[in-house]
Structure formats: structure tokens, C-alpha cells
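Asks: Before I ask anything, here is the structure I am working with.
Since every read-out is calculated from the coordinates, none of them should be taken as a lab result. Values in this document were obtained by computation on a predicted structure and should not be read as measured data. Using ideal geometry, Cβ is built from the backbone for each residue, glycine included, and neighbour counts are taken over all protein chains shown.
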């Protein structure tokens, strides 16, 4: 029955239907709490697989069973702690590896460096394509100098110091790494897996590629000896004359006429010199003695040990007290002479240190600026000018050898180039006019770097009538050095890299034109090439006759010119020409320019080596060449050729049957018919004159090998070259017949006393041989 409303009255929640009894609700049923579960069971309960109430420090089950109750962290926290512990272990092991890296043998050291670089995520561990690109950019126009290793980690790395991309030591390192990479790639098919290839990838420490001798100690000062002692007059005259004849024309830091008069008064006991003057005399003796020993190496025992003179100079004016005194002109000269002597001895890093001291000392006295004080004689002003340009020239040479940023530049000096006449000619009307007329001197002695385009086709009036003399020679040397120093400061410095590629390439072309202009300005007495055939054809009739007038000047100018050419164009000597951004037209133009510069680099290298006589004569080096730089010139040109051969050896278009043709006169014509791989142009020199290039390389090797009998730096240099040649020669199919045997170098070592620090100790030489054997074992 339903109600009127249509709803069942018994379904109302408040109405109890008949015949049913209401059961009261149990109080608190809705509030009964479920059993609490433990968030984490203890370890005993987990092992028994029973429920755990999670009470700490002891749960109920463990209390009942009287067992030890322990809880472990959850997996996330446990993993985090484990990672932290492993990271601590890795850091400890890495610190240990870094500490022993410099104390183990070379192969082990290389493996340690490889492991550390992989851990650090080094860019060199990228894909193969990225490796190739990075390797090709080393030393190129776009590459910025970086420090690839901690140079403060041990005594050897500190002794070597940093070598920039313009140094042949960096070129050797790059060549070693590149050739080793190709060797490792070639071992893939002979069962070498990827892990083995990665372990064998060469990452050569820079110090092992350094052939200079900074790691050899200089003996400490013996305070018991008398620093005022001088050699017997006969030997002293020989040392003094050797310096004034063979060295002072390159670096007239000493005013010859004045110092020679003081020298005579000193030996005739008519004057008591100052300690600084006597220190300068000892450094002149040291440099002159070294030249005498080199010219007469077969009877060098009759001469003093040049280190004796350095020791006396140190006692006189290179000790702690003197270094804290205010600078004088004699102290500037002493710092310069010390730097030059250390360079002669192969102590490049120390020489650079003293050269920087000389620069800053000279700047503190304003030697780098024009002296307009009317109370000073013109001769005195010119002496200061030549002192500055001597320091500048030495700094330029050192910068090209170690590749570091130079402390001299275009904006540091307001001096004109030195007067191209001897002091005895200063009263001549034409020379006197240069002293008295500042405007005339500005025009006539303007450096080529600042020469206006309107004057580029004319020559100064003085140059048409200038008489050959040491001062004229130094004038041209300083002018060339000014150009090459600007190349280092403006093109391949960090400043140059930050500029656009078009600006950098413009500067390269600018400096190349300036060098051509310098060559054209040389007077006939100093010309070393055939003007009608181009700069690469030497006039050997003017260079080979040692008895002819001005042969030494021509040889030295030629070596310096071709070395500057190599410095200018060497970074373009790589495969990766097309890395520039821009349109295809821009790339094509830049590739052509770089291919042309690469050809210039190889041509300059071959020309420089061809200056050396075919018959090795060590005495010729001291008599005719700048003996402090001939090893640098040989290594610079040799490594440049080996770099070219290394790149060319992987180009399938190179012919294997090449004749001994001469170097072409015009590099512009060579690059027009060049060919290569994957659209990359190779310098035609590699394709048409491969045998000539390697012939020059073998000639340089013979000279370095011969010099090794009297110079420890040459020993190291030859071993480095021998290692590289052994890897490249099989790939380019060149004959190694005539290349000196490295094993015979050890057999022919001179048995000299320990007091002669120039000769490498036997254990050092054996270490280099072991290094070479280790590298060659991977071939």
C-alpha cells in the first residue's frame, strides 16, 4: 500500500516497519582504527619475513626473540652514500696520479694523462671527425694559444716553460701527435680494437719535445774565487775580437770605439774599471770564448770554460744586492749580454727571462724613446738607439723561438731606425744632416712597416750611396726584425685571433708585401737572391764563396729573411683550409690565399736549408752564420717541411715518381694547378718537388747530426727529427739513404769532463733513445 504521495511509508528512515525490531548501533564502530604498518622493517624481521612494528631502537619481534635490531637506509639514500664514497675515492686516486705523473717513464705518463683527460671530458676525446678538425686547427690562423698541461708540476716542465704555436717545439709536438694518430688508425685492421687505439693515442708532453737545454743546471757561484781575474792577454784579445767581429754587428749594444779604448786602458793598467764594466767584459769574454771554441772545435781544450766568465759576472753585478739597485745603462747592457750568452748556450727559457729584464730596465731609463736633450752628443744618442734596437732584435728572435707574447711592440718605442753608418762617418754631410734635421731623418730612416704608399717605389737618398759596413747591415736587420715582430704581435697573438678572418688575412698580405719591399731595398752588396727570378732562387755564387766580401752579411740576411717568411706563413700549412664562415666565394678566396702562403712556407724552408754548404763544416757556422740561431733556423725549416710531407703523404694525388726538380720561382703559378683530396687544395710544391723537399730535409738532418758532436741541444734535436722522419718516410715512399744513423750518435759521443755543461750526460741521451724506441714500437 502506498500513500497518496506515491511513496512507500515503510521506506522512510525514521519509521520502523511493523514486526521488526530496531537493533542499536554499536558505539564507536566508525572510530575503530586499522593496525598501524611500519614504514620500514628492520633487517632481522626482513630476513625472517615476518611483520615488524618498526619501533626503534628495538622492534617488538626483536625484543621478543632477544635479537639485535638494526635498520638500513632506503635504496635511494644508500645509493647516494655509495656515490659519494666512490667520488671521494676517485678524487684521491686522481690526486695520486697527478702527483706521480712526472716521476714515471714516458709510456706510463702518457697513459696517466690520457686517463685524466678522459675523466675531465677533454675536447680531444670527441668523435673522430671532431678530433680531426681540432687537430687541424692547432697552429692555424683561428687557433688561440692555450696551456695544455700544468707547467708547474715538476722541474722539467718548469725549465722548459710555455711554447706558443709559433715555436718549432710546438710544431714538433703537433707533428708527433698527428703522425702517431695516423699510425694508430692504420693499426685498426691488424687486430687493434678501439680501446687499444684510445690507449695508444699520442698525447706527447711538451717538455719531451723541447730540444733546448734549460733543464741542465747552471753551476752555483763560487764565492771563494776572485771575480776580478781575467784571462791572459793573448786569449783575452782573441775572445774580445771574436765578439766584436762576429757578434757586435748583429747586436751593437756596446759602443765599440769607447769600449775598445777602455779595454786597452784596463789591460795597460791605466784605469780601474767599475764592477759593472768588468761584469760586461766577462760576458763579452764568455760569448767570444764560445765562438772561438766553435770555430776551432778540434782544439777547443786550449780555451777557457765560458761558464767561468758567467760566474764572475754574477759575482760582480748579477747578485742579490745589485739587482735591488737602481738601473744604469751598464746594467741594461749586462742583462742583454747575459740573455745573449744564455741563448748561445741553449738556455732559451733563462735567456727569455733576462731579455725581459733588459727590456724593462731600458724602458725605466727611457732608452726606448728619442732623447732630445741638447747636452748629449749625437754619438751618445745613437749609442742608446742601437742599444734599444739590439734588445728589440734579441727579443724578436726569442719570441719566434718560444712563441710567447713579446714585451716589445710598435707602440713601445718612438726611436728611428739606427743610422746606417759607422761612428767614424758621423761628420759626413749626409750623415750629419740625418742628425740635425729631424724631418729628414723621419723620411729617410722610416721603418718599412710605416712607409707610406706614395714612397714605396722610391729609395732614400742615403741608400744609393751608403757604404757597406756593420751599421748598414744592422739597419737592415733591425728593419726586418721590426716587420717579423709585428707579425707575431698582430697576426698570431690573441689580439689578432679576436679579429675577423678578413682582417687577419689582410695583415698577412700586408706584411708579405713589406717583406718583398725589404728584399727589393737591399743594396747590391747584400743581395742574396736572383731578383729577376723571385725570392726563392738564391744567388749561390754570392753565398758559397766564404772569402768574398760581405758573404757573411748576405748569408745572415738570407737566413733571417727566410725564417721570417716561415713565421709569417707557417700556420697556413695544414689541411683544413675551409674552416672559415662566409660565402663560397669568400671561402674560395681564402683557401687560395692560404694555399699560396703554405707554398711560400715550404719554399722558404727549402731556400733556407740550401744556404748551408753541401759539405758539413762546423767552423763555417761560427764564421759565417749567427751561431746563436743556426740550430733554430735548421729546426724551423726542417719541421715545416716535415709538416708539409706529413699532410701530403695522405693525399692520393701525389706522384711517387718525382724528379729532383728545383723550387719554382713563382708561387702564384704553382697554386693555380694544385689538387688535393675532398676539394682541399694542397700546395703544388708537395706534388712537383717532393723529392727536392725531402732532399733538403736530409741535408738539414746531416747538419744537425754533425753539430751534435759539439752541442747537446743538437743531439736532442736530431733524435726528435729522426723519430718523425722514420714515421713519415714510408708513407711518402722517399728514400732514407743518406739519413744519419741515430745509433751512431751515441757511439760518437765525446768523452768530456763534467765541467762542460754543454755536453749532455749519458743518462739523458739514453733516456731520449728509450723515448724514441717506445714511440717507434707502436709503428
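Asks: Once R0 is set to 56 Å, what does the formula 1/(1 + (r/R0)^6) return for the Cβ-Cβ distance between residue 321 and residue 56, expressed as a FRET efficiency to the nearest 0.05? Before the final figure, lay out each step's value.
Replies: Numbers: r = 75 Å, r/R0 = 1.34.
Once the sixth-power term is evaluated, E becomes 0.15.
Asks: Would you mind computing, in nm to one decimal, how far apart the modelled labels at residue 467 and residue 72 are, each placed 7 Å from Cα along Cα→Cβ?
Replies: Inter-label distance under the simple model: 10.0 nm.
Asks: So, in nm, how far is label residue 158 from label residue 219 when the simple model puts each one 7 Å beyond its Cα toward the Cβ?
Replies: Distance between the two pseudo-spin positions: 2.3 nm.
Asks: May I pose another question? Suppose R0 equals 25 Å. What FRET efficiency, 1/(1 + (r/R0)^6) with r the Cβ-Cβ distance, do residue 380 and residue 517 give to the nearest 0.05? Write out the running numbers ahead of the final one.
Replies: Values: r = 32 Å, r/R0 = 1.28.
E between residue 380 and residue 517, to the nearest 0.05, is 0.20.
Asks: Using 7 Å Cα-to-Cβ label points, what is the residue 95/residue 422 separation (nm, one decimal)?
Replies: 6.8
Asks: Order 463-469, 286-292, 419-425 from most to least packed using the mean count of other Cβ atoms within 10 Å. Could the numbers behind the result be given before it?
Replies: Details: 463-469: 13.9, 286-292: 26.1, 419-425: 18.7.
Ranking the peptides 463-469, 286-292, 419-425 by packing returns 286-292, 419-425, 463-469.
Asks: Compute the length gained on full extension between residue 241 and residue 229: take 0.36 nm times their separation in residues and subtract their Cα-Cα distance, giving the result in nm to one decimal. All intermediate terms of the calculation are to be shown ahead of the outcome.
Replies: On the way: separation 12, 0.36 × 12 = 4.32 nm, distance 1.90 nm.
Length gained between residue 241 and residue 229: 2.4 nm.
Asks: Cβ neighbours within 10 Å, averaged per peptide: list 597-606, 381-390 in order, most packed at the top. Intermediate values should be presented prior to the final figure.
Replies: Values: 597-606: 28.7, 381-390: 23.1.
Result, highest mean Cβ count within 10 Å first: 597-606, 381-390.
Asks: Could you sort 66-76, 161-171, 332-342 so that the peptide with the highest average Cβ count within 10 Å comes first and the rest follow in order? Could the numbers behind the result be given before it?
Replies: Values: 66-76: 11.6, 161-171: 23.1, 332-342: 26.5.
The peptides rank, most packed first, as 332-342, 161-171, 66-76.
Asks: Still on this structure, please answer the following. Would you mind getting me the FRET efficiency between residue 49 and residue 150? Use the beta-carbon distance for r and R0 = 51 Å, nearest 0.05. Show your work: numbers first, answer last.
Replies: Numbers: r = 57 Å, r/R0 = 1.12.
The computed FRET efficiency comes out at 0.35.
Asks: How long is the gain from residue 63 to residue 736 if the chain were fully straight, where each residue apart is worth 0.36 nm and the alpha carbon distance is subtracted? Display every interim value, and only then the final one.
Replies: Details: separation 673, 0.36 × 673 = 242.28 nm, distance 8.80 nm.
So the chain would gain 233.5 nm between residue 63 and residue 736.
Asks: Report the gain in length on full extension from residue 592 to residue 79: 0.36 nm times residue separation, minus Cα-Cα distance, nm rounded to one decimal.
Replies: Working: separation 513, 0.36 × 513 = 184.68 nm, distance 5.89 nm.
Gain in length upon complete extension: 178.8 nm.
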